[in-house]
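Everything below concerns the one structure shown next.
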Amino acid sequence: MEPQTTPRGTPLGFLASGSLGESIIPAINKLQDVFSQLSSDVKLDLPQIAVVGSQSSGKSSVLEALVGRDFLPRGSNVVTRRPLILQLVKVQPTAGQYAEWGEFLHLSGKRFYDFDRIRQEILAETERIVGSNKGISEKPIRLKIFSPNVLTMTLVDLPGITRVPVGDQPSDIEARLRAMIREYVRHPSCLILAVSPANQDIVNSDALDMARQVDPEGRRTIGVLTKLDIMDRGTDAVAVLKNEAVPLALGFVGVVLRSQEDIANRRSMADARGAERAFFEAHPEYLEVASQCGVGHLARVLNTLLVEHIRGLLPSLRQRIEEAVTSRRRELAMYGDAPPGNSSAARGALLLTILDSYASRFSAMLDGRSEHMPVTELAGGARIRHIFQEIFNIGLEQLDPTGELTDDDVRTAIKNSGGIKGSLLIPEAPFELLVRRAIERLLAPSLQCKDFVHTELLRIASQCAPPEVKRFQILGSLLSEAVEEFISAGTGPAEQQIRNLVACELAYINTSHPQFIGGNRAIAQVLERRGVANDSDEDSASANGRDAGAPPKSKSTSALVAAASSGGAAPRAGGLAAAAKAALRGVEPELYNPEELLGTAAGGAGDGGEGGGGGGDASRPGLASIPAAGDTAGKGSWFANWFSSRGGAADDAASDSMLSRPPPTLKVPKAVSDQEGVQVEVTRLLVASYFDIVRKNLQDAVPKALMHFMVNAVQRGLQQHLIRKLYREELFEAIMEERQDIAAKRAQCQEALRALRSAQVTLEGLPAELLGRVNQSGRWSFKQMLEAASPERSPDAHLRANGRPRSMLPGGGGPPQGAAGAAQQQQQLSAAQKAAMSAVSLLAGGGIAAHRVSPR
């Protein structure tokens with residue numbers, strides 16, 4: 001019978017040599033041993049094979065068959081109550097009874113040559129943790145077996161899945177067992193050996209159900225069928241072994257193991273293997289799949305898959321170890337390489353170093369020079385600048401100085417400022433009143449900006465503490481208090497400066513400021529918006545009560561007279577607008593002549609008639625137009641009527657009884673005249689213009705004050721303040737006392753660092769031919785590994801395929817031709833390369849199914 005070969009022509013017998021596994025798997029085992037002994041939590045998810053199955057599915061028998069010795073506890077109910085991490089190590093055969101032995105990690109250095117004692121120690125170690133009444137535990141037992149009869153691999157024997165609790169087992173034993181198994185098999189670095197009995201329906205397999213939950217596509221699950229020899233007559237498992245019933249990427253392997261009677265009769269493993277071969281030879285239905293059945297084939301496949309799996313994970317494993325080393329170094333820097341010295345000088349030197357480091361880190365954060373600046377958010381001084389530019393400045397820009405004032409409020413302020421006399425044009429008093437109130441509104445956001453900067457300085461201070469500060473609890477508290485005190489000390493002067501800035505703006509309203517719009521320009525803009533023209537102003541002024549005989553007046557005076565004489569009539573386009581236009585042109589208003597003020601209603605002649613008080617001059621706002629009380633005949637001047645003794649008093653009393661009393665609170669009338677409308681608009685414009693000037697002043701001055709009194713002051717004086725507060729010899733012993741848990745954490749961190757460095761050394765010690773080649777990018781290249789190991793994949797194979805013989809290449813003749821040349825070429829391959837090629841062929845060919853013998 002010809003030896004079975006892989007699709008690439010490499011004899012499968014190379015798998016049995018285990019050369020590759022003997023180099024790479026022990027390295028992983030060493031890493032597992034190192035990390036399992038660490039008290040610190042260092043998890044790297046190292047590659048391994050987990051054995052999963054239900055209770056009494058034959059898991060223990062599979063493991064014993066792979067080892068070739070009886071060493072596992074047996075019995076009814078749950079026997080495996082703690083995970084057993086079994087590391088098989090192939091050694092060179094030696095004569096004598098000491099060729100095989102076992103070692104427990106919890107009994108380091110002690111060898112067990114008697115495998116019955118290994119079984120007893122497993123039971124004893126299990127009961128030491130979980131007791132003797134069927135309890136279970138997640139803490140594993142680590143056993144290493146050295147033998148020339150095994151292939152190097154790592155297996156994890158997990159407790160079998162049960163549904164009914166017994167003994168001290170909890171009521172939810174099944175859920176707990178499944179959770180424990182899932183914790184082992186969920187990692188992509190773990191291969192799953194799903195053991196299922198062939199005398200049960202495969203679709204009801206607990207092992208495949210668990211595997212499918214974490215490996216839905218079945219890429220890292222290999223199925224094992226046990227108890228093929230006790231299936232019901234007329235049934236077989238050929239469909240399952242052909243990977244047709246429940247497809248798995250790695251297929252199924254069928255095995256025939258010892259029965260309970262064989263175990264009780266101490267039947268040897270060699271006899272059991274012979275019986276297994278006889279079974280498959282005696283059953284022709286299994287002839288087609290016989291090549292992929294048997295414990296020997298299972299061992300070779302597991303060894304090859306584990307080796308290839310490990311090799312594929314080596315690059316990421318190296319990276320994880322490097323990241324863990326970096327993380328532990330940072331942690332150790334926080335704990336310190338060694339405890340502080342006992343001398344006062346040593347403690348003082350360490351304290352001074354910490355204080356100087358803190359001040360330097362604080363300054364670097366403000367200036368943006370810190371090495372720990374994040375890239376996903378603003379931090380340090382950039383946050384303070386953001387407060388100035390994006391919060392304070394924009395906040396002031398959004399303030400409307402007259403937004404809270406209604407037109408009635410402005411009219412009320414204008415009327416109140418006029419007092420008894422009233423106002424002709426735009427009074428200055430309401431402008432100053434309203435602009436002061438607007439300026440006062442700038443104080444609150446300015447103080448709020450100061451609070452924001454204070455908060456950011458405290459935030460930066462909390463982020464700048466060196467890692468060494470966490471070692472000393474008292475130092476951390478005192479340092480925090482000293483920094484907070486120094487930062488808060490600058491808030492008082494900063495707040496006083498801000499209040500002074502606002503007070504200065506309130507102290508003097510500079511209407512001569514070059515950027516202030518001024519009254520003339522304000523009136524002009526308002527009139528321009530209202531669409532008032534000079535021509536219409538003049539026409540309106542001439543039409544409002546000036547007759548041909550009246551003395552000539554200026555345009556502004558005429559406009560004011562017309563506006564005042566209109567009374568309750570509808571407002572017109574003249575009035576204040578015309579007077580304002582005249583004022584802009586620099587025309588001085590004229591005074592009324594005495595005759596106009598004291599003249600009678602009848603054109604100043606003094607003789608009455610029905611024209612008294614109603615003639616052409618009646619609309620003129622002179623005092624003569626006011627009718628005398630009780631003067632129905634229209635005779636006499638208003639002086640005579642005013643000083644009448646009795647009749648005037650009686651008429652006054654009668655008149656008083658005709659009026660309503662003014663209410664306690666008076667409001668401006670709802671009707672707005674043209675004059676009042678212009679006054680309101682001009683006042684608003686003046687207030688807004690001056691407010692913009694003050695706002696720009698504060699937008700520039702407030703950040704400067706905060707920088708001077710808070711930010712720069714802290715940055716300049718923090719180091720000296722900390723030294724003055726904390727660097728005192730009488731405090732050295734107290735503040736430099738290390739926390740009690742720091743020493744233990746430092747020891748754990750140093751232990752983890754030693755283990756990680758040992759892991760790096762272990763991986764670096766692996767031969768390059770096992771790790772693959774490194775391409776130009778510095779990453780592991782599987783392709784280059786294949787080209788180095790396989791002649792037909794080498795670059796010159798392409799030349800030969802194109803008709804160019806190797807002898808034509810520079811520097812060499814071709815390899816020997818024919819069978820002799822192939823044999824010589826095969827001898828030139830190292831054992832590791834042969835095993836690597838076999839592993840590649842096994843996986844690249846579609847799993848174990850690729851090794852099936854073609855049907856005859």
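The values are calculated or read from the model by the stated rules, or taken from the named source; none is laboratory data. Only a predicted model underlies this, so the values are computations on that prediction, with no experimental measurement involved. Glycine gets a Cβ as well: all are built from the backbone with ideal geometry, and neighbour counts include every protein chain shown.
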Quiz prompt | Criterion: part of a helix (DSSP H, G or I) and within 45 Å of the chain's Cα centre (by Cα) - qualifying residue of SER446, SER417 | solution = SER446
Quiz item: If we scan the stretch 264-285, do we find a residue that is of a type in the set (Asp, Glu), farther than 30 Å from HIS721 by Cα and surrounded by 20 or more Cβ atoms within 10 Å (Cβ to Cβ)?
Solution: yes
Quiz item: Out of the stretch 228-257, which residues are among the charged types (D, E, K, R) and either in a helix (DSSP H, G or I) or in contact with a Lys or Arg (Cβ under 6 Å, 6 or more places away or on another chain) (or both)?
Solution: ASP229
Practice problem: Taking the options ALA713, ALA701, name whichever one is within 26 Å of GLU404 (Cα to Cα) and modelled with pLDDT of 90 or more. | Solution: ALA701
Exercise. Determine whether ASP168 is modelled with pLDDT under 85 and of a type in the set (Asp, Glu).
Key: yes
Quiz item: Given the structure, is ALA282 among the small types (Gly, Ala, Ser) and in contact (Cβ under 8 Å) with a residue 12 or more places away in the chain?
Solution: no
Practice problem: Of the conditions (1) hydroxyl-bearing (Ser, Thr, Tyr); (2) surrounded by 14 or more Cβ atoms within 10 Å (Cβ to Cβ); (3) at pLDDT below 85, THR126 clears all except one; give me its number. | Solution: (3)
Quiz item: Can we say ARG530 is within 30 Å of GLN719 (Cα to Cα), among the charged types (D, E, K, R) and touching a residue at least 40 places away in the same chain (Cβ under 8 Å)?
Solution: no
Quiz item: Are any residues in the stretch 119-134 among the acidic types (Asp, Glu) and either assigned to a loop (DSSP other than H, G, I, E, B) or in contact (Cβ under 8 Å) with a residue 12 or more places away in the chain (or both), and if so, which ones?
Solution: GLU121, GLU125
Self-check item: Options ILE384, ILE414, ILE460: the member that is surrounded by 14 or more Cβ atoms within 10 Å (Cβ to Cβ), touching a residue at least 24 places away in the same chain (Cβ under 8 Å), over 26 Å from GLU495 (Cβ atoms) and not small (Gly, Ala, Ser)
Solution: ILE414
Quiz item: Given LEU756, LEU731, LEU726, which one is within 17 Å of ARG320 (Cα to Cα), at pLDDT 80 or above and surrounded by 15 or more Cβ atoms within 10 Å (Cβ to Cβ)?
Solution: LEU756
Exercise. Please give the number of the condition VAL34 fails out of (1) part of a helix (DSSP H, G or I); (2) touching a Lys or Arg at 6+ places or on another chain (Cβ under 8 Å); (3) modelled with pLDDT under 85.
Key: (2)
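State yes or no: is PRO170 surrounded by 13 or more Cβ atoms within 10 Å (Cβ to Cβ) and assigned to a loop (DSSP other than H, G, I, E, B)?
Considered against the rule, which asks whether it is surrounded by 13 or more Cβ atoms within 10 Å (Cβ to Cβ) and assigned to a loop (DSSP other than H, G, I, E, B), PRO170 comes out as no.
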Quiz item: Is there a residue in the stretch 131-144 that is buried (at least 18 other Cβ atoms within 10 Å of the Cβ), of a type in the set (Ser, Thr, Tyr), under 27 Å from SER56 (Cα atoms) and within 49 Å of the chain's Cα centre (by Cα)?
Solution: no
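So that you can scan it fast, the table gives a plain yes or no per residue for (1) among the aromatic types (Phe, Trp, Tyr); (2) crowded, with 22+ Cβ neighbours inside 10 Å; (3) out of contact with any helix residue (DSSP H, G or I) (no Cβ under 8 Å at 6 or more places or on another chain); (4) not in a helix (DSSP H, G or I):
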residue: VAL289; (1), (2), (3), (4): no, yes, no, no
residue: VAL307; (1), (2), (3), (4): no, yes, no, no
residue: ARG311; (1), (2), (3), (4): no, yes, no, no
residue: ARG330; (1), (2), (3), (4): no, no, no, no
residue: ALA333; (1), (2), (3), (4): no, no, no, no
residue: ALA346; (1), (2), (3), (4): no, no, yes, no
Self-check item: Filter result for ALA207 (under 20 Å from ALA65 (Cα atoms) and in contact (Cβ under 8 Å) with a residue 12 or more places away in the chain)
Solution: yes
Practice problem: Looking for whichever is touching a helix residue (DSSP H, G or I) at 6+ places or on another chain (Cβ under 6 Å) and either among the polar types (S, T, N, Q) or under 18 Å from PRO703 (Cα atoms) (or both) here; the options are ILE414, ILE384, ILE394. Which one fits? | Solution: ILE384
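So that you can scan it fast, the table gives a plain yes or no per residue for (1) modelled with pLDDT of 50 or more; (2) in contact with a helix residue (DSSP H, G or I) (Cβ under 6 Å, 6 or more places away or on another chain):
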{"position": "THR632", "(1), (2)": "no, no"}
{"position": "GLY636", "(1), (2)": "no, no"}
{"position": "SER645", "(1), (2)": "no, no"}
{"position": "PRO662", "(1), (2)": "yes, no"}
{"position": "GLN675", "(1), (2)": "yes, yes"}
{"position": "GLU681", "(1), (2)": "yes, yes"}
{"position": "ALA688", "(1), (2)": "yes, no"}
Quiz item: When GLN87 is evaluated against the numbered criteria (1) in a loop (DSSP other than H, G, I, E, B); (2) surrounded by 21 or more Cβ atoms within 10 Å (Cβ to Cβ), which criterion, by number, is the only one it fails?
Solution: (1)
Self-check item: Some residue of the stretch 192-204 being without any contact (Cβ under 8 Å) to a residue 40 or more places away in the chain, of a type outside the set (D, E, K, R) and part of a loop (DSSP other than H, G, I, E, B)
Solution: yes
Practice problem: Provide a single number: the residues in the stretch 404-456 that are at pLDDT below 80 and under 30 Å from MET710 (Cα atoms). | Solution: 0
Practice problem: Determine whether GLY218 is surrounded by 14 or more Cβ atoms within 10 Å (Cβ to Cβ), closer than 17 Å to VAL203 by Cβ and touching a Ser or Thr at 6+ places or on another chain (Cβ under 9 Å). | Solution: no
Quiz item: Hey, GLU183 hits all of (1) assigned to a loop (DSSP other than H, G, I, E, B); (2) closer than 26 Å to ARG318 by Cβ but one; which does it fall short on?
Solution: (1)
Quiz item: Counting only residues that are at pLDDT below 85 and over 16 Å from ALA429 (Cα atoms), which one in the stretch 499-521 is surrounded by the fewest Cβ atoms within 10 Å (Cβ to Cβ)?
Solution: ASN520
Practice problem: Tally the residues that are under 40 Å from the mean Cα position of the chain (by Cα) and over 30 Å from ILE310 (Cβ atoms), restricting the search to the stretch 145-175. | Solution: 4
Quiz item: Which of the residues belonging to the stretch 201-215 are closer than 20 Å to GLU285 by Cβ and surrounded by fewer than 16 Cβ atoms within 10 Å (Cβ to Cβ)?
Solution: ASP201
Exercise. For the stretch 668-711, enumerate the residues that are within 29 Å of ASP408 (Cβ to Cβ), assigned to a helix (DSSP H, G or I), of a type in the set (A, V, I, L, M, F, W, C) and out of contact with any His (no Cβ under 8 Å at 6 or more places or on another chain).
Key: VAL678, VAL680, VAL682, LEU685, LEU686, VAL687, ALA688, PHE691, VAL694
Quiz item: Out of (1) of a type outside the set (Asp, Glu); (2) more than 45 Å from the chain's Cα centre (by Cα); (3) surrounded by fewer than 16 Cβ atoms within 10 Å (Cβ to Cβ); (4) part of a loop (DSSP other than H, G, I, E, B), what's the single condition that is false for ALA429?
Solution: (4)
